[in-house]
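Just below is one structure, and these are the notes that go with it.
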Amino acid sequence: MRVALLSDVHSNLAALEAVIEAAHKAGAEAVWHMGDLVGYGPDPDAVVAVMQAEGAECVMGNHDAAALGLMPITDFNDMAKEAVLWTAARISEATRVFLSALPQTRSDGRYTCCHGTLRDPLWEYLDTYDAARAHFDAQTTLCSIVGHTHRQILLTRGASGEIEALTPEEDGVYAIAGDDTATRYCINPGGAGQPRDGDPRSCYALLDTSAGSVSFHRVAYDIATTQRRIREAGLPEALAERLSIGR
Ligand code: ZN
(Lines give C-alpha, C1' and ligand atoms only; values in the text may rest on other atoms or scores of the structure.)
Protein backbone atom coordinates (compact mmCIF):
# COMPACT_ATOMS: atom_id res chain seq x y z
CA MET A 1 0.00 0.00 0.00
CA ARG A 2 1.17 3.50 -0.75
CA VAL A 3 0.41 6.06 1.96
CA ALA A 4 0.68 9.83 1.66
CA LEU A 5 2.37 11.12 4.83
CA LEU A 6 1.42 14.69 5.69
CA SER A 7 1.91 16.89 8.70
CA ASP A 8 1.15 20.40 9.90
CA VAL A 9 -1.45 21.38 7.31
CA HIS A 10 -2.38 24.25 9.65
CA SER A 11 -5.68 25.22 8.01
CA ASN A 12 -3.98 25.84 4.64
CA LEU A 13 -6.60 24.49 2.24
CA ALA A 14 -4.80 25.40 -1.02
CA ALA A 15 -1.68 23.56 0.12
CA LEU A 16 -3.66 20.53 1.28
CA GLU A 17 -5.58 20.24 -2.00
CA ALA A 18 -2.38 20.47 -4.06
CA VAL A 19 -0.58 17.88 -1.97
CA ILE A 20 -3.51 15.45 -1.94
CA GLU A 21 -3.82 15.70 -5.72
CA ALA A 22 -0.10 15.10 -6.23
CA ALA A 23 -0.07 12.19 -3.80
CA HIS A 24 -3.00 10.46 -5.49
CA LYS A 25 -1.33 10.93 -8.89
CA ALA A 26 1.75 9.27 -7.38
CA GLY A 27 -0.39 6.30 -6.34
CA ALA A 28 -1.31 7.09 -2.73
CA GLU A 29 -4.24 4.99 -1.52
CA ALA A 30 -4.35 6.36 2.02
CA VAL A 31 -3.49 9.54 3.91
CA TRP A 32 -1.90 9.76 7.35
CA HIS A 33 -1.53 13.13 9.06
CA MET A 34 0.92 13.81 11.88
CA GLY A 35 -0.94 16.59 13.71
CA ASP A 36 -1.72 20.30 13.60
CA LEU A 37 -4.57 20.23 11.11
CA VAL A 38 -5.53 23.67 12.43
CA GLY A 39 -3.81 26.80 13.75
CA TYR A 40 -2.04 29.61 11.83
CA GLY A 41 -4.17 29.27 8.68
CA PRO A 42 -7.58 30.56 7.59
CA ASP A 43 -9.59 27.43 6.70
CA PRO A 44 -9.78 24.97 9.62
CA ASP A 45 -13.25 23.57 8.84
CA ALA A 46 -12.52 23.04 5.13
CA VAL A 47 -9.21 21.30 5.91
CA VAL A 48 -10.87 18.94 8.38
CA ALA A 49 -13.64 18.22 5.85
CA VAL A 50 -11.08 17.25 3.18
CA MET A 51 -9.30 14.96 5.62
CA GLN A 52 -12.59 13.33 6.62
CA ALA A 53 -13.49 12.81 2.95
CA GLU A 54 -10.08 11.20 2.42
CA GLY A 55 -10.64 8.91 5.40
CA ALA A 56 -7.30 10.15 6.69
CA GLU A 57 -5.79 8.62 9.83
CA CYS A 58 -4.78 11.58 12.00
CA VAL A 59 -3.14 12.24 15.35
CA MET A 60 -3.45 15.32 17.54
CA GLY A 61 -0.97 18.18 17.43
CA ASN A 62 -0.36 20.95 19.94
CA HIS A 63 -2.34 23.47 17.87
CA ASP A 64 -5.27 21.05 17.62
CA ALA A 65 -5.19 20.53 21.39
CA ALA A 66 -4.91 24.26 22.07
CA ALA A 67 -7.84 25.09 19.78
CA LEU A 68 -9.94 22.64 21.80
CA GLY A 69 -8.84 24.20 25.08
CA LEU A 70 -7.02 20.99 26.04
CA MET A 71 -3.64 22.69 26.36
CA PRO A 72 -2.64 26.04 27.89
CA ILE A 73 -1.32 28.57 25.37
CA THR A 74 1.05 30.32 27.78
CA ASP A 75 4.10 28.81 26.03
CA PHE A 76 2.86 29.63 22.50
CA ASN A 77 4.43 32.65 20.80
CA ASP A 78 2.21 35.70 20.25
CA MET A 79 1.33 34.89 16.65
CA ALA A 80 0.51 31.28 17.48
CA LYS A 81 -1.59 32.42 20.45
CA GLU A 82 -3.59 34.80 18.32
CA ALA A 83 -4.18 32.07 15.73
CA VAL A 84 -5.24 29.57 18.41
CA LEU A 85 -7.81 32.02 19.81
CA TRP A 86 -9.05 32.85 16.30
CA THR A 87 -9.41 29.13 15.51
CA ALA A 88 -11.07 28.24 18.81
CA ALA A 89 -13.68 30.96 18.26
CA ARG A 90 -14.55 29.85 14.72
CA ILE A 91 -14.37 26.11 14.25
CA SER A 92 -17.65 24.29 13.73
CA GLU A 93 -19.03 21.72 16.12
CA ALA A 94 -18.22 19.01 13.53
CA THR A 95 -14.58 20.10 13.43
CA ARG A 96 -14.44 20.19 17.22
CA VAL A 97 -15.83 16.65 17.43
CA PHE A 98 -13.37 15.36 14.82
CA LEU A 99 -10.33 16.97 16.49
CA SER A 100 -11.43 15.88 19.97
CA ALA A 101 -11.43 12.24 18.88
CA LEU A 102 -7.82 12.28 17.66
CA PRO A 103 -5.35 10.13 19.60
CA GLN A 104 -1.91 11.47 20.53
CA THR A 105 -0.25 8.40 19.02
CA ARG A 106 -1.45 5.64 16.76
CA SER A 107 0.27 2.44 15.71
CA ASP A 108 -0.53 -0.41 13.35
CA GLY A 109 2.23 -2.70 14.61
CA ARG A 110 4.82 -1.60 12.04
CA TYR A 111 4.37 2.17 11.93
CA THR A 112 3.77 4.57 14.82
CA CYS A 113 2.54 8.12 14.27
CA CYS A 114 2.71 11.11 16.60
CA HIS A 115 3.15 14.88 16.33
CA GLY A 116 6.26 15.71 18.38
CA THR A 117 8.12 12.79 19.93
CA LEU A 118 7.03 9.55 21.57
CA ARG A 119 8.38 10.95 24.87
CA ASP A 120 6.15 14.01 24.64
CA PRO A 121 3.79 13.62 21.66
CA LEU A 122 2.15 17.04 21.77
CA TRP A 123 4.98 19.36 22.59
CA GLU A 124 8.57 18.11 22.15
CA TYR A 125 10.46 18.91 18.94
CA LEU A 126 12.47 16.03 17.52
CA ASP A 127 15.40 18.28 16.68
CA THR A 128 18.07 17.38 19.23
CA TYR A 129 20.11 14.25 19.80
CA ASP A 130 18.59 13.91 23.27
CA ALA A 131 15.04 14.07 21.93
CA ALA A 132 15.89 11.62 19.14
CA ARG A 133 17.40 9.13 21.59
CA ALA A 134 14.38 9.31 23.91
CA HIS A 135 12.06 9.00 20.92
CA PHE A 136 13.76 5.87 19.59
CA ASP A 137 13.88 4.39 23.11
CA ALA A 138 10.09 4.68 23.20
CA GLN A 139 9.60 3.42 19.64
CA THR A 140 8.46 -0.22 19.57
CA THR A 141 7.81 -0.45 15.82
CA LEU A 142 10.09 -0.55 12.76
CA CYS A 143 9.28 3.01 11.78
CA SER A 144 7.76 6.11 13.31
CA ILE A 145 6.41 9.19 11.60
CA VAL A 146 6.43 12.62 13.26
CA GLY A 147 5.80 16.29 12.39
CA HIS A 148 5.94 19.50 14.45
CA THR A 149 9.33 20.84 13.20
CA HIS A 150 7.90 21.51 9.70
CA ARG A 151 11.09 20.09 8.14
CA GLN A 152 11.59 16.93 6.13
CA ILE A 153 14.05 14.53 7.71
CA LEU A 154 14.82 10.83 7.86
CA LEU A 155 16.41 9.48 11.04
CA THR A 156 17.83 6.00 11.48
CA ARG A 157 19.06 4.26 14.59
CA GLY A 158 21.35 1.37 13.76
CA ALA A 159 22.08 -1.80 15.71
CA SER A 160 24.90 -0.02 17.57
CA GLY A 161 22.43 2.59 18.82
CA GLU A 162 23.98 5.39 16.81
CA ILE A 163 21.44 7.81 15.34
CA GLU A 164 21.90 9.39 11.94
CA ALA A 165 19.87 12.28 10.51
CA LEU A 166 19.52 12.74 6.79
CA THR A 167 17.96 15.67 4.95
CA PRO A 168 16.23 13.93 2.06
CA GLU A 169 16.69 14.89 -1.55
CA GLU A 170 13.64 16.00 -3.48
CA ASP A 171 11.97 12.88 -4.97
CA GLY A 172 14.68 10.77 -3.31
CA VAL A 173 13.66 7.20 -2.43
CA TYR A 174 14.99 5.66 0.80
CA ALA A 175 14.76 2.11 2.12
CA ILE A 176 13.12 1.82 5.51
CA ALA A 177 13.56 -1.92 5.94
CA GLY A 178 16.91 -3.51 5.32
CA ASP A 179 18.46 -6.89 6.08
CA ASP A 180 19.45 -5.53 9.47
CA THR A 181 16.31 -6.06 11.56
CA ALA A 182 17.65 -4.00 14.48
CA THR A 183 17.57 -0.73 12.55
CA ARG A 184 14.74 1.68 13.39
CA TYR A 185 13.49 4.56 11.27
CA CYS A 186 11.76 7.89 11.84
CA ILE A 187 10.26 9.98 9.06
CA ASN A 188 9.21 13.63 9.12
CA PRO A 189 7.33 14.50 5.89
CA GLY A 190 7.68 18.27 6.49
CA GLY A 191 5.11 20.98 7.12
CA ALA A 192 2.52 20.71 4.35
CA GLY A 193 0.76 23.95 5.23
CA GLN A 194 3.71 25.98 6.49
CA PRO A 195 7.15 24.73 5.37
CA ARG A 196 10.06 26.13 7.40
CA ASP A 197 13.11 25.04 5.43
CA GLY A 198 13.28 28.05 3.14
CA ASP A 199 11.36 26.35 0.33
CA PRO A 200 7.80 27.72 0.19
CA ARG A 201 6.41 24.71 -1.66
CA SER A 202 4.19 22.32 0.24
CA CYS A 203 5.55 18.90 1.08
CA TYR A 204 4.67 15.31 1.75
CA ALA A 205 6.27 11.89 1.79
CA LEU A 206 5.06 8.72 0.12
CA LEU A 207 5.42 5.54 2.14
CA ASP A 208 5.38 2.27 0.20
CA THR A 209 4.62 -0.37 2.81
CA SER A 210 5.10 -3.28 0.38
CA ALA A 211 8.43 -2.10 -1.01
CA GLY A 212 9.62 -0.87 2.39
CA SER A 213 10.59 2.56 1.13
CA VAL A 214 9.73 6.20 1.49
CA SER A 215 10.15 9.10 -0.94
CA PHE A 216 10.04 12.82 -0.20
CA HIS A 217 8.29 15.37 -2.41
CA ARG A 218 7.60 19.08 -2.83
CA VAL A 219 4.47 20.52 -4.44
CA ALA A 220 3.90 24.06 -5.68
CA TYR A 221 0.51 25.47 -4.64
CA ASP A 222 -1.42 28.71 -4.87
CA ILE A 223 0.23 30.57 -1.98
CA ALA A 224 -1.49 33.86 -2.92
CA THR A 225 -4.94 32.36 -2.28
CA THR A 226 -4.02 31.28 1.25
CA GLN A 227 -2.40 34.67 1.90
CA ARG A 228 -5.56 36.46 0.75
CA ARG A 229 -7.69 34.25 3.01
CA ILE A 230 -5.36 34.97 5.98
CA ARG A 231 -5.75 38.72 5.41
CA GLU A 232 -9.53 38.43 4.98
CA ALA A 233 -9.65 36.51 8.25
CA GLY A 234 -7.78 39.26 10.08
CA LEU A 235 -5.03 36.87 11.17
CA PRO A 236 -1.53 38.37 11.73
CA GLU A 237 0.05 39.62 8.48
CA ALA A 238 3.30 37.79 9.30
CA LEU A 239 1.43 34.49 8.96
CA ALA A 240 0.71 35.39 5.34
CA GLU A 241 4.21 36.70 4.63
CA ARG A 242 6.06 33.69 6.00
CA LEU A 243 4.38 31.41 3.44
CA SER A 244 6.21 33.23 0.61
CA ILE A 245 9.61 32.45 2.06
CA GLY A 246 8.97 29.08 3.65
CA ARG A 247 9.82 30.19 7.20
ZN1 ZN B 1 2.91 22.78 13.37
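The values are calculated or read from the model by the stated rules, or taken from the named source; none is laboratory data. Only a predicted model underlies this, so the values are computations on that prediction, with no experimental measurement involved. For neighbour counting, all protein chains shown are included, and Cβ atoms are generated from backbone atoms with ideal geometry for every residue, glycine included. Keep in mind that these areas ignore ligands, DNA and RNA; they rest on the heavy atoms of the full protein, side chains included. Shrake-Rupley method; radii C 1.70, N 1.55, O 1.52, S 1.80 Å.
See the values below:
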| read-out | value |
| --- | --- |
| Percent accessible area from carbon and sulfur atoms, segment 1-124, protein chains only, probe 1.4 Å | 51 |
| Amide H contacts under 5 Å for residue 61, placed H, 5+ residues apart | 36, 37 |
| Mean residue ellipticity (222 nm) of the chain, computed from DSSP H runs ≥ 4 via -39,500 (n - 2.57), nearest 500 | -9500 deg cm²/dmol |
| Kirkwood-Stokes translational diffusion coefficient of segment 64-126, alpha-carbon pairs, 10 °C, 1.306 mPa s, µm²/s | 122 |
| Mean accessible surface per residue for the chain, computed with a 1.4 Å probe while every protein chain stays in place, in Å² | 41 |
| Environment charge at residue 75 (Cβ cut-off 14 Å; Lys +1, Arg +1, Asp -1, Glu -1) | -2 |
| Loop-located chymotrypsin sites (Phe, Trp or Tyr not before Pro) in segment 112-152, at most 16 other Cβ atoms within 10 Å (DSSP) | 123, 125 |
| Binned Cα-Cα distances of the chain, short to long, each 5 Å bin given as a whole percent | 1, 7, 15, 20, 20, 17, 11, 6, 2, 1, 0 |
| Listed residues 66, 182, 28, most fluctuating in the chain (Gaussian network, C-alpha, under 10 Å) | 182 |
| Listed residues 126, 105, 85: farthest to the positive end of the dipole of segment 13-129 (Cβ charges) | 105 |
| For segment 125-170: Kirkwood Rh in Å [reciprocal of mean 1/r, alpha carbons] | 11.3 |
| Prolate/oblate/rounded call for segment 14-122, Cα gyration tensor, a/c under 1.5 rounded | oblate |
| For segment 48-176, alpha-carbon Rg relative to the globular expectation (2.2 N^0.38 Å, N residues) | 1.16 |
| Anisotropy class of segment 92-132 from Cα gyration tensor, a/c 1.5 cut | oblate |
| Selected from 44, 103, 195 as most flexible by GNM, with the chain as the system and alpha-carbon contacts under 10 Å | 103 |
| Beta bridges per DSSP with both ends in the chain, % antiparallel, nearest 5 | 70 |
| Centre separation in Å (Cα based) which lies between segment 16-88 and segment 171-217 | 19 |
| Dipole axis of segment 153-247 (+1 Lys, Arg; -1 Asp, Glu on Cβ), positive-most option in 159, 183, 233 | 233 |
| Convex hull volume per residue for segment 1-70, taking Cα atoms only, in Å³ | 70 |
